[in-house]
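The values are calculated or read from the model by the stated rules, or taken from the named source; none is laboratory data. The model shown is predicted, which means the values in this text are computed figures rather than measured ones. In this analysis, Cβ positions are derived from the backbone assuming ideal geometry, glycine residues included, and neighbour counts consider all displayed protein chains. To get the accessible areas, we keep the full protein, side chains included, count just its heavy atoms, and leave off ligands, DNA and RNA. Shrake-Rupley method; radii C 1.70, N 1.55, O 1.52, S 1.80 Å.
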Amino acid sequence: MLGALAVAVVCAASVPVPALALSPSPSSSGGVSSSGGGDSTSLPPIPLALGDDDPCTAASGRTARATTWAQQSLSLPNAWQLSRGEGVTVAVVDTGVSAEAPALSGRVTAIGDADEDCVGHGTFTAGLIAAAPTSGTAFRGVAPASRVLAVRGTDRRGTATADLVAGGIRAAVDHGAEVIAVVPALATGEDKLTAAVRYATAHDVLVVAAAAPDTRPGSTATAEAVRAYWPASAPGALSVAGVLADGSVLDSAAGADGADLTAPGGPVVGIGPRGPGHYIATGSSAAAAFTAGAAALVRAYHPELTAAETAERLIASAAPTADAPRLDPYAALSMVPAGSRSPVAPSPAAPLRLPAVSTTPRHRALLAAGAMAGLVLLVAAAATVIPRGRARGWRPPPPSSPGTARGGDAPS
């Protein structure tokens with residue numbers, strides 16, 4: 001656990017990756033063990049922190065070729081048709097972000113020495129947010145075109161304090177971040193971390209924080225009855241809890257109050273601080289990273305939205321579950337908030353006004369019809385009169401006798 005709870009040690013055991021195709025990485029070897037489950041092969045875990053005598057995290061010897069369950073559950077190919085996070089800077093407040101990570105090449109800006117990541121967890125988090133596709137793997141971050149601002153929220157060995165995290169949040173704001181992913185979840189430091197989140201919200205910067213600390217696989221650290229962690233519980237912060245592939249909340253986050261969202265939290269595949277290989281982790285910090293990436297997609301696609309409006313959109317578009325709503329990046333990009341576009345009432349229909357019909361054509365038609373009828377009568381008369389005239393030699397008929405009865409009989 002980070003901060004006042006205790007420094008987590010490097011995980012010695014591997015966590016199986018379900019239904020994931022893996023291949024050896026040519027860059028390094030070691031750190032990979034077989035689970036003995038046939039096709040199930042394991043990736044090395046990314047450490048949360050390092051002991052004083054532990055070496056820096058080496059490159060992974062394994063590469064995940066297939067699309068991870070987390071990427072599939074978030075329907076990222078649909079979201080990428082609308083936005084890839086272009087032009088948005090996401091700060092990662094963690095152990096640093098290695099500038100040597102190939103999937104982040106050319107897109108990492110660091111505050112101080114935060115581009116050096118001995119632990120590797122900050123680089124892993126940044127990869128979940130912004131990793132670009134690399135050869136031989138389908139893995140990429142939620143917002144693969146966004147930029148990363150590396151901010152140290154722990155010491156070089158991964159131990160976080162309220163002062164370091166609060167200072168990291170403020171520094172990220174001052175260096176132009178639009179979204180801040182905060183990995184440490186601390187049981188103390190409420191005042192300092194609340195003030196830091198208030199500073200971010202006053203500058204229109206969205207703080208996305210893990211609802212509970214990460215724990216190493218098999219840890220029973222959740223037995224401690226801690227209900228609120230900071231800065232996730234601060235007003236204005238977007239608190240995110242991790243869930244498993246079956247949708248159940250991680251044990252490490254089950255006791256934390258007030259998560260605004262849930263997102264994939266384990267097992268999650270990501271990049272390491274050097275080399276092209278991959279690591280695996282479980283925790284709410286991964287869920288916060290996915291949500292920070294989704295926030296970058298939204299802020300790139302809807303630049304008119306404020307930080308608060310971006311958070312509201314992520315929550316409102318999320319799928320309802322028994323716990324907190326489940327993150328849905330594509331829905332957040334494409335949804336039309338209720339009341340944002342009021343229906344336009346149809347205008348009353350104007351009375352139909354036909355132009356006055358001219359009587360001139362009608363008069364002309366009547367005259368033409370009359371003339372035609374006269375012509376027909378004239379022709380008919382001529383057809384009757386002319387033959388008779390010819391038969392009499394054009395002489396008039398003789399007058400009839402008034403005393404002659406029809407049939408030629410004389411009156412008696």
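Filtered by the rule that a residue be in contact with a Ser or Thr (Cβ under 6 Å, 6 or more places away or on another chain), under 20 Å from VAL298 (Cα atoms) and not in a loop (DSSP other than H, G, I, E, B), the range 154-206 gives a lone residue, LEU206. In the set GLY189, GLY167, GLY153, GLY176, only one residue is touching a helix residue (DSSP H, G or I) at 6+ places or on another chain (Cβ under 6 Å) and either surrounded by fewer than 24 Cβ atoms within 10 Å (Cβ to Cβ) or under 17 Å from PRO235 (Cα atoms) (or both); that residue is GLY189. Taking the listed residues ALA209, ALA234, the one that is within 19 Å of VAL92 (Cβ to Cβ), open to solvent by less than 10 Å² (accessible area, probe 1.4 Å) and either assigned to a loop (DSSP other than H, G, I, E, B) or modelled with pLDDT under 95 (or both) is ALA234, with no other qualifying. Does VAL249 meet the test of being farther than 17 Å from PRO184 by Cα, among the β-branched types (Val, Ile, Thr), out of contact with any Cys (no Cβ under 9 Å at 6 or more places or on another chain) and open to solvent by 10 Å² or more (accessible area, probe 1.4 Å)? Judged against the criteria, VAL249 is a match.
Within the range 310-337, the residues that satisfy the criterion of being modelled with pLDDT under 95 and open to solvent by 70 Å² or more (accessible area, probe 1.4 Å) are PRO320, ALA322, ASP323, VAL336. Filtered by the rule that a residue be buried (at least 24 other Cβ atoms within 10 Å of the Cβ) and farther than 20 Å from ALA49 by Cβ, the range 257-276 gives ALA259, LEU261, THR262, ALA263, PRO264, VAL269.
Applying a threshold of 7 Å to beta carbon distances and a minimum spacing of six or more residues, or different chains, the list of pairs starting in the range 292-316 at a residue that is more than 16 Å from GLN81 (Cβ to Cβ) and polar (S, T, N, Q) and ending at one that is assigned to a helix (DSSP H, G or I) and open to solvent by 10 Å² or more (accessible area, probe 1.4 Å) reads THR310/ARG299.
If the condition is being within 18 Å of the chain's Cα centre (by Cα), among the hydroxyl-bearing types (Ser, Thr, Tyr) and open to solvent by less than 30 Å² (accessible area, probe 1.4 Å), then the range 58-81 contributes only THR68.
Name the residue, out of THR194, THR201, THR137, that is buried (at least 24 other Cβ atoms within 10 Å of the Cβ), touching a residue at least 12 places away in the same chain (Cβ under 8 Å) and either in contact with a Phe, Trp or Tyr (Cβ under 8 Å, 6 or more places away or on another chain) or among the polar types (S, T, N, Q) (or both). Result: THR137 is the single residue among THR194, THR201, THR137 that is buried (at least 24 other Cβ atoms within 10 Å of the Cβ), touching a residue at least 12 places away in the same chain (Cβ under 8 Å) and either in contact with a Phe, Trp or Tyr (Cβ under 8 Å, 6 or more places away or on another chain) or among the polar types (S, T, N, Q) (or both). Looking at the structure I just gave you, is THR220 at pLDDT below 95 and touching a Ser or Thr at 6+ places or on another chain (Cβ under 8 Å)? The answer is no for THR220. Taking the listed residues GLY106, GLY85, GLY122, the one that is in a loop (DSSP other than H, G, I, E, B) and either of a type in the set (Asp, Glu) or touching a residue at least 24 places away in the same chain (Cβ under 8 Å) (or both) is GLY85, with no other qualifying.
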